[in-house]
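Enquirer: Dropping the structure in here first, questions after.
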Amino acid sequence: MNARSSFRAPLLTAALAVALGALTDARPVMAVEPAPPEIYDELTEEQAAEADQFTLNNAIATVFHEAGHMLVSEFSLPVLGKEEDAVDGLAVLLLLEAEDEDFNSAVEDWANVWFLSAGTKEDEEDMAFWDSHGLDEQRAYATVCMMMGKDQKRFKDFADSIDFPEYRAEECIEEYQSQLNSWNKVLLPHEAKKTDKTNFKITYAPTKDPQLAYFREMIKSAGVMEMVAAAFSGSYKLKDGIKLTATECGVANAFWSADDREMTLCYEDLLNSAQLDAQWYIDNPDGEEETSEEE
Ligand SMILES: [Zn+2]
């Protein structure tokens, strides 16, 4: 029996490959208005470029997470367990099944952002045990588990760098397959025919905030929303008119609204990722790895 079912990977990979062209030269095109985040003043040029890439990677992972909510709501999919955990899983599956190095890096940075975010919450009081999402560290480790479930060789260094237990990595192989099979099963009836296409309405709303304008430029030139459209049009039978909106929100977040059939990615969410990564560089001036193994 061939246990390795594929997650409609050929379809997605083809669509994503198209969208990826833009990703590789994703440095923001600087117009007059946009200004990099102030915290970049404390970074080297190279670190700032890394923080940009980190931010873009997380924007990609975030829109795939929101796309998970989109599929659940558009197709009224059954979700057993927490929907937030489920769509985290779907986002990571989609990215990993594309088997593309840019997307592999996006998944690594998606794990990193939760570790970084967890590090900003030192007190137990800051831990939102009541939240609909898992705790930041749980989201990080769940992502690493999927990486190890997909490809232990590729992600070994990453897993080692956070001391991910070997016994856990072994369990992750089956858990990954189980998630893959489950999503395949619920999505199967909604797969598009070759000729099916979905028209999305993409908007990158203008902003007067120079720092937010910087991130608007970044995701616009990288075509992050176009990537979502390319990945899902022709893959699943989604009805026309879904809005993919990047905008200033007043809060660092991203949302799916079932009523409005609209995905919203807030520029503030990107600024937040950039600041988290920049702060890491500032706190770790000697670079790369934290030497947690000192005897
Ligand atoms: Zn969510």
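Enquirer: Looking at the stretch 202-295, send over the antiparallel percent of its DSSP beta bridges, to the nearest 5.
Expert: 35
Enquirer: Another question, if that's okay. Please work out whether the stretch 14-294 counts as rounded, prolate or oblate from its C-alpha gyration tensor, where a ≥ b ≥ c are the square roots of the eigenvalues and a/c under 1.5 means rounded, while otherwise a/b larger than b/c means prolate and anything else oblate?
Expert: Details: a/c = 1.59, a/b = 1.09, b/c = 1.46.
Verdict is oblate for the stretch 14-294.
Enquirer: Order by neighbour count: Tyr167, Tyr267, fewest other Cβ atoms within 10 Å first, most last. Numbers along the way, then the final one.
Expert: Values: Tyr167 7, Tyr267 25.
Going from sparsest to densest Cβ surroundings: Tyr167, Tyr267.
Enquirer: Classify the stretch 49-173 from the C-alpha gyration tensor, please: rounded if a/c falls under 1.5, else prolate or oblate depending on whether a/b exceeds b/c. Intermediate results must be reported in sequence, preceding the final value.
Expert: Working: a/c = 1.28, a/b = 1.09, b/c = 1.18.
The shape class here is rounded.
Enquirer: Just list whichever of Lys220/Lys243; Lys201/Lys237; Lys153/Lys185; Lys194/Lys237 have alpha carbons separated by over 20 Å in the model shown. Could the numbers behind the result be given before it?
Expert: Numbers: Lys220/Lys243 15 Å; Lys201/Lys237 16 Å; Lys153/Lys185 28 Å; Lys194/Lys237 10 Å.
Violating the 20 Å Cα-Cα cut-off are Lys153/Lys185.
Enquirer: Just the number, please: percent antiparallel of the DSSP beta bridges in the stretch 14-294, rounded to the nearest 5. Mind dumping the intermediate values first?
Expert: Numbers: 5 of 15 bridges.
That works out to approximately 35 percent antiparallel.
Enquirer: Quick one: Arg154, Arg139, fewest Cβ neighbours within 10 Å first, how do they rank?
Expert: Details: Arg154 15, Arg139 22.
Lowest count first: Arg154, Arg139.
Enquirer: Neighbour counts of other C-beta atoms within 10 Å: give me Asp286, Asp131 arranged from fewest to most. Each step should come with its number before you reach the end.
Expert: Numbers: Asp286 7, Asp131 11.
Ranked by crowding around the Cβ, least crowded first: Asp286, Asp131.
Each value in this text was obtained by applying a stated rule to the coordinates, not by laboratory testing. These numbers were taken from a predicted model, which means no experiment stands behind them. Methodologically, a virtual Cβ is constructed for each residue, glycine included, from the backbone with ideal geometry; neighbour enumeration extends over all protein chains shown.
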